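Structure first, then comments.
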Amino acid sequence: MRLLLVEDNADLSATLPVQLGADGFSVDCVETVADARLSLAAAHYAAVILDLGLPDEDGLTLLGEIRRRSDPIPVLILTARSGVADRVNGLRGGADDYLVKPFAYDELVARLEALLRRPNQFIGRTLQFANIALDTQSRQVFVNGTPEVLSSREITVLELLMFRKGQVVPKKLVEDQLYGLSGEVSSNAVEVYVHRLRKQLSDHGAKVRIHTVRGVGYLLTEEKET
């Protein structure tokens, strides 16, 4: 699950991605509204964690832009502005939630999970296709009801393919979800993880096929009985 953190506090921008990474999230961190605009244009995110007091512009400016283009991405404001008027402005401006600094990390994660449980979001859903089930909150994969052990990155690829089952998932989107904007990606890294996932699913008896659409991406289909 990929998040965009817009935060200029050095301590938070260093520690939050590590903590969230340990909880199964992939985090891109930027420090300005300008960089946040570029990131949102370049990649797909499950949610945005947005500070308000940023060096170049107010975070509410970015929030307004997101909502004016009818982008439904969940936005959680994370700020030191604690006044009632500040919270009201943030929520009326389009934020889905508002958390004041200093905050408890567990509460931040719980609020993110609540946002991502909403309709059309990933977390809290059990994705099912053929004889595979994927619990997007526990990150557990089941084949024929039996839990199977896959790596975190294999699960990330499977989640994307299951969420868009029957559709081609662009290779660039898979790459973004695996590594984020700042990750170093070798030329065949995505192919390696797709190959490993194919083998894992085959070994565990999953009735699916992952097709490579050359030059485009990957497609998950159900394996028909012959």
Exercise for the section: Taking the residues in segment 21-35 that are in a helix (DSSP H, G or I) and modelled with pLDDT of 90 or more as candidates, determine which candidate is most open to solvent (accessible area, probe 1.4 Å). Expected result: 35
Practice task
For segment 175-185, indicate whether the set of residues that are open to solvent by 50 Å² or more (accessible area, probe 1.4 Å), modelled with pLDDT of 90 or more and within 26 Å of residue 12 (Cβ to Cβ) is non-empty.
Solution key: no
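Filter segment 68-96 down to residues that are under 21 Å from the mean Cα position of the chain (by Cα) and farther than 18 Å from residue 20 by Cα, then give me how many there are.
The total comes to 8.
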Exercise for the section: Please find, among 40, 12, the residue that is over 18 Å from residue 74 (Cα atoms), of a type outside the set (Gly, Ala, Ser) and not in a strand (DSSP E or B). Expected result: 12
Handout entry: Qualifying residues in segment 1-20 (those that are more than 29 Å from residue 140 (Cα to Cα) and touching a helix residue (DSSP H, G or I) at 6+ places or on another chain (Cβ under 8 Å)) - the one surrounded by the fewest Cβ atoms within 10 Å (Cβ to Cβ)
Key = 7
Practice task
Could you look through segment 67-90, keep only residues that are in contact with a strand residue (DSSP E or B) (Cβ under 6 Å, 6 or more places away or on another chain) and open to solvent by 40 Å² or more (accessible area, probe 1.4 Å), and pick out the one that is farthest from residue 117 (Cα to Cα)?
Solution key: 82
Practice task
Would you please list the contacts, defined by Cβ atoms under 6 Å and residues six or more apart or on different chains, that run from a residue in segment 142-170 that is within 22 Å of residue 43 (Cβ to Cβ) and open to solvent by 70 Å² or more (accessible area, probe 1.4 Å) to a residue that is aromatic (Phe, Trp, Tyr) and modelled with pLDDT of 85 or more?
Solution key: 153/193; 165/129
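Suppose we filter segment 203-226 for residues that are polar (S, T, N, Q) and either touching a Phe, Trp or Tyr at 6+ places or on another chain (Cβ under 9 Å) or surrounded by 14 or more Cβ atoms within 10 Å (Cβ to Cβ) (or both); how many remain?
Matching residues across segment 203-226 total 2.
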Problem - Matching option when the condition is at pLDDT below 90, of a type outside the set (Val, Ile, Thr) and either in contact with a Ser or Thr (Cβ under 7 Å, 6 or more places away or on another chain) or over 30 Å from residue 151 (Cβ atoms) (or both), among 69, 118, 92, 81 - result: 69
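The values are calculated or read from the model by the stated rules, or taken from the named source; none is laboratory data. This structure is a prediction, so every number in the text was calculated from the model and none was measured. Note that each Cβ is placed from the backbone with ideal geometry, even for glycine, and that neighbours are counted across all protein chains shown. Ligands, DNA and RNA are excluded from the accessible area calculation, which covers all protein heavy atoms including side chains. Shrake-Rupley method; radii C 1.70, N 1.55, O 1.52, S 1.80 Å.
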